Amino acid sequence: MKWITREKVKVDRVACPWLIKKFIDPDAEFYFVPAEIVMEEAERLGAIPFDIFTEPRIELGHHSKECSFEAILKKYNLTSDPSLVLLGKIVNAADTDNTLWNRPEGPGLQAIAEGFRHLGYKDDHEINAAEWIVYDALHAYCQVQTAKGR
């Protein structure tokens, strides 16, 4: 399947492709385009849009205080995995004002995501490829935390 979102990725637009590729669609193709043409390009490409602020009715976007990662967890029935739910709360904390879940890991993830934007990667695909190791590590952390009942 094809998936599309805004260019100049940061937290949610790296976490969502990681989640999609690892747990939903291993053959996913991602497109990162200017915000103002996402919906037009989604229609042209037959792509599933996610994390689009210019389109509040989008299913896989922010709703109330929840982030796009959490919307994807719900849509694709991944909420039975407590480690992914915890990871969603951390992503939310880094991508929003952190008032919904108050996760202490959020500011650190936000800083890491911002740092990746300044390492000289040529495009959003390179940033995603490099940064996914962070989400692999966070997922492992979440698996340990949830196994301990936290």
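Observations, loosely collected:
- Computed from backbone phi with θ = phi - 60° and the Karplus coefficients 6.51, -1.76 and 1.60, the 3J(HN,Hα) list for the stretch 25-35 is 9, x, 9, 4, 10, 10, 10, 10, 10, x, 3 Hz; x is used for glycine and proline.
- The stretch 13-86, accessible area per residue, ligands and nucleic acids excluded (1.4 Å, Å²): 49 Å²
- Rounded if a/c under 1.5, otherwise prolate or oblate - the stretch 36-103, Cα gyration tensor axes: oblate
- For a straight C-alpha distance cut-off of 14 angstrom, the aspartates and glutamates reachable from residue 10 (same-chain residues fewer than eight places away being disregarded) are 51, 95, 114, 123, 124, 126, 131.
- Taking Cα atoms only, the orientation of helix 106-116 departs from the longest principal axis of the chain by about 40 degrees.
- Report summary: the helix-based calculation at 222 nm, which adds -39500 (n - 2.57) for every DSSP H run with n ≥ 4 and divides by the residues of the chain, gives -15500 deg cm²/dmol.
- Residue 117 accessible area, assembled protein chains, probe 1.4 Å, Å²: 90 Å²
- Restricting the stretch 1-66 to chymotrypsin sites (Phe, Trp or Tyr not before Pro) in coil, as DSSP defines it, with at most 12 other Cβ within 10 Å: 53
- In terms of overall dimensions, the C-alpha atoms belonging to the stretch 85-136 reach 34, 19, 13 Å along their principal axes, ordered largest to smallest.
- For the set 65/89; 22/65; 2/74; 21/65; 75/148, the pairs lying more than 21 angstrom apart at their alpha carbons are 22/65; 21/65; 75/148.
- Among beta bridges from DSSP that stay inside the chain, the antiparallel ones total about 10%.
- Percent accessible area from carbon and sulfur atoms, the stretch 48-140, protein chains only, probe 1.4 Å: 56 percent
- Extreme residue, positive dipole direction of the chain, given options 82, 62, 98 (C-beta unit charges): 82
The values are calculated or read from the model by the stated rules, or taken from the named source; none is laboratory data. Please read these numbers as outputs of a predicted model, since none were measured by experiment. Here the Cβ is made from the backbone with ideal geometry for all residues, glycine too, and neighbour counts use every protein chain on show. For the accessible areas, the whole protein counts, side chains as well, though only heavy atoms, and no ligand, DNA or RNA atoms are used. Shrake-Rupley method; radii C 1.70, N 1.55, O 1.52, S 1.80 Å.
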